[in-house]
Structure formats: C-alpha cells, structure tokens
Amino acid sequence: MTTSRKLLSILIFKLLFLASILLLFFFSIMPQNEHMYNAALIEKVKRLETIDDPKIVLIGNSNAAFGFESQMIEEKFGMPVTNMGMHAALGNAFHEEMAKINVTPGDIYIVCHTDYGDEDEIGDGVLAWSTIENHAELWQLLRAKDILPMLRSYPAYLNKSLDTWSRNKGNRYYRESPYSRESFNIYGDVEYDRNCKWKQNESVEEVIPTISNACENRLNSLNSYLEKKGAKLVIAGYPIIVDGEASEEFNAQIEEFEKELEKRFDCEVISDYRDYFYDKSFFYDTAYHLTNEGAAMRTKQLIRDLESYFSK
C-alpha cells in the first residue's frame with residue numbers, strides 16, 4: 001500500500017471513528033436537559049402543531065412566559081392560545097420562527113419583544129443547542145443562516161453535556177422551581193406561584209428599547225409571509241418596570257419609541273406602551289418577569305388592546 005493510500009485510510013478511519021462517537025453521543029447521551037426550563041418548548045411546539053383552528057400565538061422571550069394568563073385570553077375571544085415565550089438569550093429571530101409553525105387562516109400572532117435592536121442572529125448557541133438537543137421537531141426553528149454559528153457552538157455544548165452526563169446530573173427533575181419544564185401549564189405560561197422578589201430598595205433603570213434595520217426587515221418579511229397565509233401579525237407592549245411613576249422624560253422617550261415602531265413596521269402596533277408601566281412591586285425576580293398579580297394585570301391590558309384591534 002502506498003504512503004498516500006495509507007494516509008487516506010487513516011483519515012477515513014479517524015473520520016468514521018469521530019462520526020461513531022458523535023452518533024453515540026447523539027442517540028445515547030443527548031438530551032441532558034429534559035426537565036430544564038427551555039425543554040418546555042417541546043410542548044409549546046406540539047400545541048401549535050395540533051391546533052388547526054384560528055388561534056392566538058404569543059411571541060416573545062421570558063417576558064411572555066412570565067407575563068400572561070393565556071386562559072383568560074382564550075376565554076375572552078373563544079380562540080385557542082399558545083404562549084411561545086422562552087429565553088431572551090435565544091434571540092428575537094429564534095422566537096419569530098415559531099410564528100411559521102402550522103399557520104392557519106385567521107391566526108393572530110402577537111409579538112412582544114423587550115427590544116428590537118438585534119442583529120438577526122442566534123443569541124447564545126450553546127443555549128440554543130441545550131434547547132433543541134436531539135428533538136428533531138425543534139430543528140425547524142433554525143434558519144439556513146443559523147447552521148454555521150450552531151456548528152461553531154456545538155463543541156462547547158458537547159463539552160458541557162458530557163460534563164453533566166459524567167457527573168450524573170443530566171435530566172434532573174426541578175419541580176420546585178419556576179425555571180423547569182414542569183412549571184409551565186398547557187398554554188405555555190409559567191404557572192409557578194410567584195410573589196415579588198424584587199429588592200424594594202434597589203433602584204430601577206429606565207431602559208429605552210432600540211430598533212435595528214435587521215429586525216425591521218425580518219419582522220416586515222414575517223408580516224408579509226403571514227398575510228399571504230391569511231394570518232395577522234401585530235406588536236404589543238412588554239412589561240416596563242418603574243419605581244412608582246415613570247419620569248416625564250421616560251414617558252416621552254417611550255412615546256417616541258412607539259411612534260418609531262409604527263413608522264418602521266408594516267404590522268399594526270396595538271398597544272400604548274405607557275399602559276404597560278408597572279411598579280417594581282409587580283416584578284418577580286428580573287425587570288421583565290411579572291408576579292402572578294402582575295401577569296393578570298398585563299393580560300387584562302392585552303385583552304383591552306385586542307378588543308380595540310378587533311373592533312376596527
């Protein structure tokens with residue numbers, strides 16, 4: 001056997017060995033996060049795929065997961081509701097791909113991002129891998145442009161998963177936590193009993209959201225896609241933390257942000273964002289997660305926004 005053929009044989013052997021290791025990992029070790037918070041996406045996608053009637057779909061990060069009582073919306077409008085809210089670090093684009101699952105004429109997709117300034121990419125590739133793992137039904141949420149970044153993130157995810165597996169800490173059951181798969185109800189809301197954990201002596205930062213060209217182009221494209229399928233896309237408010245009352249300057253800045261949304265996006269903005277100012281006592285553990293009482297208040301406000309939208 002010539003030297004070149006020997007080298008080729010060694011290379012093929014190494015590649016086959018590597019492929020075998022990856023397949024073993026893929027089918028025997030993955031997944032490692034079956035009971036973690038992001039694994040709730042499995043049930044959320046299943047719910048979307050099985051509802052063929054016109055439905056209301058809430059799109060956003062954890063501000064949506066911790067911010068709605070979907071049953072109230074469903075009972076008010078007589079339409080099935082699914083809350084697809086997940087984790088901000090996955091990125092807006094990842095969440096928006098959920099709006100393309102089983103689109104039915106008459107669907108209403110409500111986007112409630114906490115910021116529109118993204119650069120059209122997966123936020124945290126390792127977290128995205130920890131979310132989709134080997135659940136093929138979740139891979140549809142990845143776009144062609146996400147494949148290369150996800151491949152780059154795979155070694156870090158692999159290392160993290162192997163470490164978890166080797167210490168026998170994978171797929172732990174975390175029932176007593178709002179950050180577990182079991183904390184979600186059938187609608188996709190976090191149903192964990194939660195009272196304010198916000199430190200009342202902690203100052204509140206008044207954050208002004210931004211809008212990027214990338215997000216503008218992507219959401220307008222999604223709006224066109226949904227319209228062609230007989231569905232509607234709208235933008236609604238997210239919970240905005242204030243300390244008592246918002247300053248006059250912050251009120252003006254939020255009003256300008258809302259006007260900019262209306263100017264740059266083709267879909268309708270159905271909320272007055274100042275209606276979504278909530279005192280810090282209604283926030284659970286971050287500036288975007290509401291307590292149970294806060295979630296009920298926000299849901300009622302969204303219902304009022306939708307009533308106004310439907311009446312037009």
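Screening the candidates L148, L162 for the property of being without any contact (Cβ under 8 Å) to a residue 12 or more places away in the chain and open to solvent by 60 Å² or more (accessible area, probe 1.4 Å) yields one hit, L148. Evaluated against (1) surrounded by fewer than 19 Cβ atoms within 10 Å (Cβ to Cβ); (2) at pLDDT below 95, S130 falls short on exactly one condition, (1). Kindly check whether there is at least one residue in the stretch 172-181 that is touching a strand residue (DSSP E or B) at 6+ places or on another chain (Cβ under 6 Å), under 23 Å from V45 (Cα atoms) and either without any contact (Cβ under 8 Å) to a residue 40 or more places away in the chain or surrounded by fewer than 19 Cβ atoms within 10 Å (Cβ to Cβ) (or both). The answer is yes; a qualifying residue exists.
Annotation note: Cβ proximity below 6 Å between a residue of the stretch 252-272 that is more than 11 Å from I208 (Cβ to Cβ) and a residue that is in a loop (DSSP other than H, G, I, E, B) (sequence gap 6+ or interchain) occurs for I270/A236; S271/A236; S271/G237. In the stretch 245-265, which residue that is in contact with a helix residue (DSSP H, G or I) (Cβ under 9 Å, 6 or more places away or on another chain) and hydrophobic (A, V, I, L, M, F, W, C) is nearest to N220 (Cα to Cα)? Looking at residues that are in contact with a helix residue (DSSP H, G or I) (Cβ under 9 Å, 6 or more places away or on another chain) and hydrophobic (A, V, I, L, M, F, W, C), I get F265. Would you confirm, using the coordinates I've provided, whether D115 is surrounded by fewer than 21 Cβ atoms within 10 Å (Cβ to Cβ) and either within 18 Å of V234 (Cβ to Cβ) or among the acidic types (D, E) (or both)? Yes, satisfied.
Number of residues in the stretch 197-240 that are more than 15 Å from D266 (Cβ to Cβ) and among the β-branched types (V, I, T): the value is 5. Note on the stretch 46-75: residues that are among the β-branched types (V, I, T) and either open to solvent by 60 Å² or more (accessible area, probe 1.4 Å) or over 25 Å from G123 (Cα atoms) (or both) total 4.
Does the stretch 189-197 contain any residue that is touching a residue at least 40 places away in the same chain (Cβ under 8 Å), assigned to a helix (DSSP H, G or I) and open to solvent by less than 100 Å² (accessible area, probe 1.4 Å)? Checked against the condition, which is being touching a residue at least 40 places away in the same chain (Cβ under 8 Å), assigned to a helix (DSSP H, G or I) and open to solvent by less than 100 Å² (accessible area, probe 1.4 Å), the stretch 189-197 yields no hits at all.
Residues in the stretch 153-170 that are farther than 30 Å from N102 by Cα and outside any loop (DSSP other than H, G, I, E, B): 11 in all.
Restricting to the stretch 221-253, what's the tally of residues that are closer than 27 Å to E202 by Cβ, more than 23 Å from the chain's Cα centre (by Cα) and of a type outside the set (G, A, S)?
Qualifying residue count, the stretch 221-253: 8.
The values are calculated or read from the model by the stated rules, or taken from the named source; none is laboratory data. Quick caveat: nothing in here was measured; it's all calculated off a predicted structure. So basically every Cβ, Gly included, is an ideal-geometry build from the backbone, and we count neighbours across all protein chains shown. Side chains are part of the model used for accessible areas, which takes the heavy atoms of the whole protein and leaves out ligands, DNA and RNA. Shrake-Rupley method; radii C 1.70, N 1.55, O 1.52, S 1.80 Å.
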